[in-house]
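Worksheet: the structure to be examined is printed underneath.
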Amino acid sequence: MSLTTLVFAKQVPDTANITGQAMKDDGTVNRAALPAIFNPEDLNALEMALELRERVGGRVLVCTMGPPSAAAILRQALYMGADETILLTDRRFAGADTLATSYALSCAVRKVGSVDLILCGRQAIDGDTAQVGPQVAEKLGMAQVTYAESIEWVREGRIRVRSLIDGGHEVVEAPLPLLLTVVSSANTPRPVGARRLMQYKRAVTRSELAARSGDRVYEDANQLAAEEQRLRRQGLWIHEWGVDDLGESPEHFGLAGSPTKVKQIESVVLTGGSYKDIPPTDEGIQGLVHELIADHILS
Ligand SMILES: Cc1cc2nc3c(=O)[nH]c(=O)nc-3n(C[C@H](O)[C@H](O)[C@H](O)COP(=O)(O)OP(=O)(O)OC[C@H]3O[C@@H](n4cnc5c(N)ncnc54)[C@H](O)[C@@H]3O)c2cc1C
């Protein structure tokens with residue numbers, strides 16, 4: 001069996017290590033002030049894809065939409081074992097809400113062609129909406145299972161998945177192609193392999209290759225094209241697609257394609273000091289619950 005699995009991964013601000021003003025006045029993330037990392041649950045999705053390839057064979061592709069610097073998480077995916085990587089980058093993708101993001105990702109799936117399984121993280125630690133996975137499935141007219149924790153088997157075009165539900169698990173069988181969103185309890189992502197790191201650390205996108213002309217002079221476009229072919233043969237080529245490569249009209253992407261308008265952004269600064277001791281008694285807890293309901297925190 002040869003299964004093509006596509007993993008969607010997002011480069012996110014390391015919200016545990018904020019070093020400056022996290023949000024810009026226009027409501028977008030100030031990525032310069034935040035170290036960028038591989039979204040944690042996307043690492044679980046990638047690990048699930050790699051484990052499945054070890055069981056049934058096939059190819060693992062990883063795709064991210066982001067600024068050119070997002071190529072860094074694609075190199076990390078190659079170090080972990082991915083076969084091929086795709087960077088969706090274009091100024092016209094910027095400022096996308098979940099609708100515009102899922103639109104761009106669904107266009108990338110169509111461009112890849114026959115994909116049997118799409119794995120997403122359940123949620124990104126910055127936007128935190130958990131909307132993109134289900135939206136991509138909807139746009140592709142594909143079945144979806146969310147909160148997936150393990151794949152029990154894949155055979156003859158069908159798959160059995162174990163997913164988390166309130167208070168337990170659910171086992172679902174479905175036809176391929178299918179989209180899964182993966183939870184953090186699914187597995188422990190493997191560490192980056194030293195041998196693969198040495199092998200893939202020079203993997204580049206077209207923009208990085210052009211920018212890299214510093215250490216090697218490419219006389220002309222032919223030399224650049226020859227270098228691209230050499231890198232492709234060695235598996236060191238990160239596909240770079242923009243709006244024009246997706247063959248769709250630009251108004252569906254980025255801020256233009258985003259009905260969500262950020263009205264106001266305010267930083268929530270939690271101050272210490274104003275706290276209340278709640279006695280660990282039934283009355284104490286009841287009093288707390290009444291207060292939370294009165295403050296419309298609990299409904
Ligand atoms: C603080 C904050 C609040 C936001 N609030 C909203 C909001 O209320 N509504 C709204 O529409 N947008 C919102 N956004 C924008 C939203 O973050 C982006 O649209 C984002 O690209 C996708 O949403 P998400 O981060 O919630 O991802 P989620 O839906 O939580 O992501 C789920 C999975 O989808 C995949 N995925 C998500 N983004 C990408 C990507 N760029 N490349 C590849 N795979 C990806 C990953 O597998 C990820 O684990 C917000 C952004 C921020 C920073």
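The values are calculated or read from the model by the stated rules, or taken from the named source; none is laboratory data. This is a predicted model, so every value here is computed, not measured. FYI the Cβ positions are ideal-geometry reconstructions off the backbone, even for glycines, and counts take in every protein chain you see. Areas reflect the complete protein model, heavy atoms only, side chains present, ligands, DNA and RNA absent. Shrake-Rupley method; radii C 1.70, N 1.55, O 1.52, S 1.80 Å.
Side notes on the structure shown:
- 2 or more residues of a type outside the set (S, T, N, Q) and under 27 Å from A94 (Cα atoms): qualifying helices (runs of 4 or more DSSP H) within the stretch 179-250: 206-211, 243-246
- Whichever residue in the stretch 135-151 is open to solvent by less than 30 Å² (accessible area, probe 1.4 Å) and either within 22 Å of G66 (Cα to Cα) or at pLDDT below 95 (or both) and, among such residues, is nearest to the ligand (Cβ to nearest atom): V136
- Complete set of residues in the stretch 102-129 that are near the ligand (Cβ under 7 Å from one of its atoms) and within 25 Å of R158 (Cα to Cα): L105, C120, G121, R122
- Candidates in the stretch 188-214 are the residues that are within 20 Å of the chain's Cα centre (by Cα) and not hydroxyl-bearing (S, T, Y); of these, the one that is most open to solvent (accessible area, probe 1.4 Å) is P191.
- Tabulated pairs, the stretch 117-134, first more than 16 Å from A104 (Cβ to Cβ) and open to solvent by 20 Å² or more (accessible area, probe 1.4 Å), second assigned to a strand (DSSP E or B) and within 6 Å of the ligand (Cβ to nearest atom), C-beta under 8 angstrom, 6+ apart or interchain: D126/V29
- Residues being out of contact with any Asp or Glu (no Cβ under 6 Å at 6 or more places or on another chain), more than 10 Å from the ligand (Cβ to nearest atom) and either open to solvent by less than 30 Å² (accessible area, probe 1.4 Å) or not in a helix (DSSP H, G or I) (or both) - total across the stretch 39-61: 7
- Residue match in the stretch 167-187 (condition: among the acidic types (D, E) and open to solvent by less than 70 Å² (accessible area, probe 1.4 Å)): no
- In the set T85, T64, only one residue is open to solvent by less than 40 Å² (accessible area, probe 1.4 Å), at pLDDT 95 or above, near the ligand (Cβ under 8 Å from one of its atoms) and not in a helix (DSSP H, G or I); that residue is T64.
- Residue in the stretch 102-115 that is closer than 17 Å to H252 by Cβ, open to solvent by 50 Å² or more (accessible area, probe 1.4 Å) and in a helix (DSSP H, G or I) present: yes
- Test: L99 is near the ligand (Cβ under 10 Å from one of its atoms), at negative phi and modelled with pLDDT of 95 or more: yes
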